[in-house]
Amino acid sequence: MSEEIKPKRRDFLFTATYTIGAVGLGLAIWPLVDQMNPDSSVKALSTTEVDISSVELGKTITVLWRGKPIFIRRRTKKEIDEAAGVDLKDLKDPQKDSDRAKNPEWLVMVGVCTHLGCVPLGNKGEYNGWFCPCHGSHYDTSGRVRKGPAPNNLEIPKYEFLDNNTIKIG
Amino acid sequence: MSDGKYIPKSKLAQWFDSRLPLLTLSHHLREYPTPKNLNYWWTFGGILTFFLIAQIVTGIILAMHYVAHVDHAFESVEHIMRDVNYGWLIRYAHANGASMFFLAVYIHIFRGLFYGSYKSPREMIWITGLIIYLLMMATAFMGYVLPWGQMSFWGATVITNLFSAIPLFGENVTEWLWGGFSVDNPTLIRFYSLHYLFPFLIFGLVVLHIWALHVPGNNNPVGIDVKKNSEETMPFHPYMVMKDFLSLFAFLIIFLWFVFFAPNFLGHPDNYIEANPLVTPSHIVPEWYLLPFYAILRAIPSKLGGVIFMFASIFILIALPWLDTSKVRSSVFRPIYRKFFWVLVVTVILLGYLGAKPPEGIYLILARIATAYYFIHFLVLLPLLGRYEKTDPLPMSISDPVLNQPSLIDKFKKSAAQYEGDNVDSFK
């Protein structure tokens, strides 16, 4: 009786074979899955330089970066004050305006609604910022979500001012 | 199966059939016993088979002229419409064929719901059917992306972004789906590849669906078991084949009316504008057959919650054979379930209507009520009805509901009396 319960040499060999087989199968499948991830040519296009000298006060330009629109808005004094004056407790995704705009006059963000990826419309919505026509999310003058189904504020991409007139995104 | 062993007549056929039993299969399909009381709601399986094949044939032809590249996709579709011989016809048939396919599948599904066709012993027919339905939705969605119009692009953006709601990995999953940082050329090409593949997976599952059907045999409007190969059944060919054809031709009239007289009625004009990643159309709507789920998605005021409820609304159907505990299959004998069935039909149509409306004001409130009702129907009402509903008595045989109507028997006796005199009792 007790001999039957004891694992045999053959059981060990089976288990070892299955294990090696499973690992091998996993390794073989990985390239088939990973080929769908962004490829080198897509990743190579990861920075864009933008000349902002012609943007007037209160205007927004939209540029394409990694296939996504980037809003670059030169904000008015009123908009900056509005954005800075918001109580963080009123925000769904609390973030200070000063953490979102390196230079308060320039707001640079990814123009993609954090709900399901539509492009919000500028100077619209209940908070004078952006409004997403797809499912009705409202963003304020700092691009922070104030109302609607979007879970997060509009994303701030990595960017830096190369000089007074040029921004490098990415 | 229950029919006896088939032996082909000729020696050659016997030689062939004993090595590859295609003749036996064909014999089985012809002689397959079907309940004699099947009504026209049972003809939609045949209609669906026709549309699957029609979609594959028109699709393969379109693939000969279409170019899956962001710079050429939109142009190549216009090329099909304007230059390719009969290209307009083939594309309109393919686009409207998808809508007809869904119309037929919804009727097919609701027929199953009404007559309890998902209940034991037919659970696997129901589940393979639902997998087919899921694959159909994925296929239709990816096909809608291929023309690379505004609705294609933004539909693809919104639907793929659903996966970004997944906690922790969401971002990685969407980038993996896109092959980039947004919907772009890699996305288009892989959707094309999968759009070509999936119909063949559906075809394979249809074989399993029919196989699973042929084990217990058809349910029927009365919902009680029939005795196979008795006077209660008829061979599939020619009786059901002819009935299916009549129904198919009637359905084709609707289909061809759309193709020839209103080919763009079910589409959206914005899809004749080439995709532009910088501008979202002011009003994004999916194709009509996805609208009820879209309404559920938007009814929940949270991104992750909306996505979960939307997927749950489909996956809940897989559990249906176990949620509905009533032993009686057909609604004909379930007076209370029958009423709730129609409320469910109205709810789903209402959700479809609301999915096409902006998510605000009264539309949003109604969508929330309808969503709540949808889940209550399956999770609360069905288990309760299974326990407390008083069902009507079931007949002993599928013939009884017809033969036990005194008025019908009188009528029959009267006309029989004309020929047989008073000796009519010999008929019964």
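The values are calculated or read from the model by the stated rules, or taken from the named source; none is laboratory data. Remember, it's a predicted structure, so these values are computed and weren't measured experimentally. Glycine gets a Cβ as well: all are built from the backbone with ideal geometry, and neighbour counts include every protein chain shown. Just so you know, the surface numbers come from the protein's heavy atoms only, side chains and all, with ligands and any DNA or RNA stripped out. Shrake-Rupley method; radii C 1.70, N 1.55, O 1.52, S 1.80 Å.
Using only atoms on other chains, find how many Cβ atoms lie within 10 Å of each Cβ of peptide A:64-77 and report the average.
The per-residue average across the peptide is 2.
Taking the charge dipole of the protein assembly as shown about its Cα centre, with +1 at Lys and Arg Cβ atoms and -1 at Asp and Glu Cβ atoms, the residue from B:Ile107, A:Cys134, A:Val23 reaching farthest to the positive side is B:Ile107. Within straight-line reach of A:Lys78, meaning a Cα separation under 26 Å, sit the following lysines at least 8 residues removed in sequence or on another chain: A:Lys59, A:Lys89, A:Lys92, A:Lys96, A:Lys102, A:Lys124, A:Lys147, A:Lys158.
With +1 assigned to the C-beta of every Lys and Arg and -1 to the C-beta of every Asp and Glu, and no other charges, what is the dipole magnitude of chain B about the Cα centre in debye, to the nearest 20?
Details: 30 positive and 27 negative charges, 250 e Å.
Here chain B has a charge dipole of around 1200 debye.
Heavy-atom accessible area buried between chains B and A is around 2200 Å² (1.4 Å probe, both sides summed). Distance from the alpha carbon centroid of the range B:307-379 to that of the range B:255-302 works out to 22 angstrom.
Evaluate peptide A:116-128: per residue, the Cβ atoms of other protein chains within 10 Å of its Cβ; return the mean as an integer.
On the way: counts 15, 13, 8, 8, 1, 3, 0, 0, 0, 0, 0, 0, 0.
Per residue, the average neighbour count from other chains is 4.
Computed extension length for B:Lys11-B:Asn85: 21.9 nm, one decimal, from 0.36 nm per residue of separation with the Cα-Cα distance subtracted.
For chain B, the longest principal axis of the alpha carbon atoms and the long axis of helix B:185-214 meet at an angle near 10°. Once you put a point 7 Å from the Cα of A:Lys147 and another 7 Å from the Cα of B:His72, both along the Cβ direction, what distance in nm separates them? Going from the A:Lys147 label point to the B:His72 one covers 4.8 nm.
Report relative contact order for chain A in percent, whole number only (criteria: Cα-Cα under 8 Å, sequence separation at least 6).
On the way: 261 pairs, mean separation 31.9, N = 170.
Value for chain A: 19 percent.
Electrostatic bookkeeping for B:Val70 treats Lys and Arg as +1 and Asp and Glu as -1; over the other residues with beta carbon under 13 Å from its beta carbon, the sum is -3. Share of carbon and sulfur in the accessible area of the protein assembly as shown stands at 66%, probe radius 1.4 Å. Residues of the range B:153-191 buried by at least 50 Å² of accessible area upon assembly of all protein chains, compared with the chain on its own (1.4 Å probe): B:Trp176, B:Phe181.
Using the Cα centre as the reference, give the magnitude of the dipole from point charges on the C-beta atoms of the range A:30-148 (Lys, Arg: +1; Asp, Glu: -1; all else neutral), rounded to the nearest 20 debye. Walk me through the numbers on the way to the answer.
Working: 18 positive and 16 negative charges, 30 e Å.
So the dipole magnitude of the range A:30-148 works out to roughly 140 debye.
Taking 26 Å as the limit for the C-alpha separation, the pairs B:Lys36/B:Lys413; B:Lys5/B:Lys327; B:Lys36/B:Lys411; B:Lys390/B:Lys414 exceed it in the case of B:Lys5/B:Lys327; B:Lys390/B:Lys414. Taking the Cα centre of the protein assembly as shown as origin and assigning +1 to Lys and Arg Cβ atoms and -1 to Asp and Glu Cβ atoms, the resulting dipole is close to 1300 debye. A simple count of charges around B:Ile336, restricted to other residues whose Cβ falls under 10 Å of its Cβ and scoring Lys, Arg +1 and Asp, Glu -1, yields +3. The shape of the protein assembly as shown comes out prolate: with a ≥ b ≥ c from the C-alpha gyration tensor, a/c is at least 1.5 and a/b beats b/c.
The Cα-based radius of gyration of chain A, divided by its Kirkwood radius, gives an Rg/Rh of 1.32.
Go ahead and collect, in residue order, the members of the range B:127-160 whose backbone nitrogen is under 17 Å from a label point 7 Å along the Cα-Cβ direction of B:Ala63. Within reach of a label on B:Ala63: B:136, B:138-147.
Nearest 10 degrees, 0 to 90: what angle lies between the long axis of helix B:406-420 and the longest principal axis of chain B (Cα atoms)? The helix B:406-420 is inclined about 50 degrees to chain B. Which residues of the range A:133-148 end up with at least 20 Å² less accessible area in the presence of all protein chains than when their chain stands alone, using a 1.4 Å probe? Buried-area filter returns A:Pro133, A:Cys134, A:His135. Classification of the range B:1-149 by its C-alpha gyration tensor yields an oblate form. The axis ratio a/c (a ≥ b ≥ c) is 1.5 or more, and b/c is at least a/b. With one equal scatterer per alpha carbon and no solvent term, the Debye-computed log10 I(q)/I(0) for the range A:48-95 at 0.19, 0.23, 0.25 1/Å reads -0.79, -0.89, -0.92. Selection among B:His65, B:Leu385, B:Met240 by position relative to the dipole of the protein assembly as shown gives B:Leu385 as farthest towards the positive end (Cβ unit charges, Cα centre). Relative to the longest principal axis of the Cα atoms of chain A, the long axis of helix A:9-34 makes an angle of roughly 30 degrees. The mean of 1/r over all pairs of different alpha-carbon atoms in the range B:292-392, once inverted, gives a Kirkwood hydrodynamic radius of 14.3 Å.
Building the convex hull from the alpha-carbon atoms of chain B and averaging its projection over directions returns 27.6 nm².
Taking all protein chains into account, the per residue accessible area for the range B:292-392 stands at 47 Å² (1.4 Å probe). Distance between Cα centroids, the range B:67-106 to the range A:1-54: provide it in whole Å. The range B:67-106 and the range A:1-54 have Cα centres spaced 38 Å from each other.
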